[in-house]
Amino acid sequence: MLLLIAALASAQRNKRISIAFLNTGTAYPFAQFSQLATHMQHPGVEAGYSFNLRAKSKHDWYQEYKLAYFYHRYVQHAILLYTDIGYRYKISHGLTAQLALGAGYLQAIPATAKLKLQANGEYKNGKGLGRMQGMATANIGVGYTVYPPRKTPVTIFTTYQQLLQMPFVKAYVPILPYNSLLIGFGIPLQSNKKIKS
């Protein structure tokens, strides 16, 4: 998979890497924005690599590959590897708005001991490496590029994301919804080039 990603990405333009810090909470889809902005719930970090699929003077279609981690207290450590495809609208000089849909893989590692009774009557921790899960995302965000004419301008962004983890517990919670607020920055991997409309 990583070789395929590298091969596809090498032919693309407007490549960018990003890093973001995130605050995540469990709630119905798009239901927890104010609490995420004021209270730390389940912290995490995310790294991204993106490139434009199509670029015009006022908008871009882009794809991004992401690797993330967050800690859901008392429940799990989550490691995510996923991709999303999005649309970015250039509002004004340096200011953008975007929305994206994505899907990928989530490794759920229990945050507490998972004990198994042995034949000798003793308990053994059987947590292991966790469970393989699927995930889907939808997000909206805004970004601001500080001094766009600079050779390698920095873009500061914030994103509000809905994440669905599945299947969480098939018997009673098959889909676990998370709301996340991400704040981060991105930098291009090559110098600015004039985009043709």
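The values are calculated or read from the model by the stated rules, or taken from the named source; none is laboratory data. As the structure is a prediction and not an experimental result, all values here were calculated from the model. Counting neighbours? That spans all protein chains shown, and the Cβs are built from the backbone with ideal geometry, glycine included.
Might you let me know whether segment 164-173 holds any residue that is surrounded by 12 or more Cβ atoms within 10 Å (Cβ to Cβ), modelled with pLDDT of 75 or more, closer than 18 Å to Ser50 by Cα and out of contact with any His (no Cβ under 8 Å at 6 or more places or on another chain)? Lay out the reasoning, then the answer.
Of all residues in segment 164-173, those surrounded by 12 or more Cβ atoms within 10 Å (Cβ to Cβ) come to 164-168, 173.
Next, from what is left, pick out any that are modelled with pLDDT of 75 or more: 164-167.
From the residues that got through so far, the ones that are closer than 18 Å to Ser50 by Cα too are none.
No, that holds for no residue.
Just to be sure I understand, how many residues within segment 165-179 are touching a residue at least 12 places away in the same chain (Cβ under 8 Å) and farther than 15 Å from Gln76 by Cβ?
Going through segment 165-179 one residue at a time, the tally reaches 1.
Listed here are the residues, each with its yes/no results for (1) of a type outside the set (Gly, Ala, Ser); (2) at pLDDT below 95; (3) touching a helix residue (DSSP H, G or I) at 6+ places or on another chain (Cβ under 6 Å); (4) under 22 Å from Met135 (Cβ atoms).
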| position | (1), (2), (3), (4) |
| --- | --- |
| Gln32 | yes, yes, no, yes |
| Ala37 | no, yes, no, no |
| Ala47 | no, no, no, yes |
| Lys56 | yes, yes, no, no |
| His59 | yes, yes, no, no |
| Glu64 | yes, no, no, yes |
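Here are Arg73, Arg88, Arg150, Arg131: which of them is under 21 Å from Lys170 (Cβ atoms) and charged (D, E, K, R)? Before the answer, list the steps.
Values: Arg73 fails: under 21 Å from Lys170 (Cβ atoms); Arg88 fails: under 21 Å from Lys170 (Cβ atoms); Arg150 fails: under 21 Å from Lys170 (Cβ atoms).
The match here is Arg131.
Mind listing just one residue for me: the one in segment 55-69 that is aromatic (Phe, Trp, Tyr) and closer than 19 Å to Ile140 by Cβ and, of those, surrounded by the fewest Cβ atoms within 10 Å (Cβ to Cβ)?
So in segment 55-69, the residues aromatic (Phe, Trp, Tyr) come out as 61-62, 65, 69.
Narrowing the set further to residues that are closer than 19 Å to Ile140 by Cβ leaves 61-62.
Details: Trp61: 13, Tyr62: 21.
Within segment 55-69, the match that is surrounded by the fewest Cβ atoms within 10 Å (Cβ to Cβ) is Trp61.
Taking strands (runs of 3 or more DSSP E) that fall entirely within segment 59-137, which contain at least 2 residues that are acidic (Asp, Glu)?
Numbers: elements: 59-72, 76-92, 95-110, 115-117, 123-125.
Once the strands (runs of 3 or more DSSP E) in segment 59-137 are filtered for at least 2 residues that are acidic (Asp, Glu), what remains is 59-72.
Of the residues that sit in segment 64-74 and are in contact (Cβ under 8 Å) with a residue 24 or more places away in the chain and of a type outside the set (Lys, Arg), which one is farthest from Ala97 (Cα to Cα)?
Tyr74
Can you work out which of the residues in segment 73-99 that are buried (at least 20 other Cβ atoms within 10 Å of the Cβ) and within 21 Å of Gln41 (Cα to Cα) is modelled with the lowest pLDDT?
Here the residue is Gln76.
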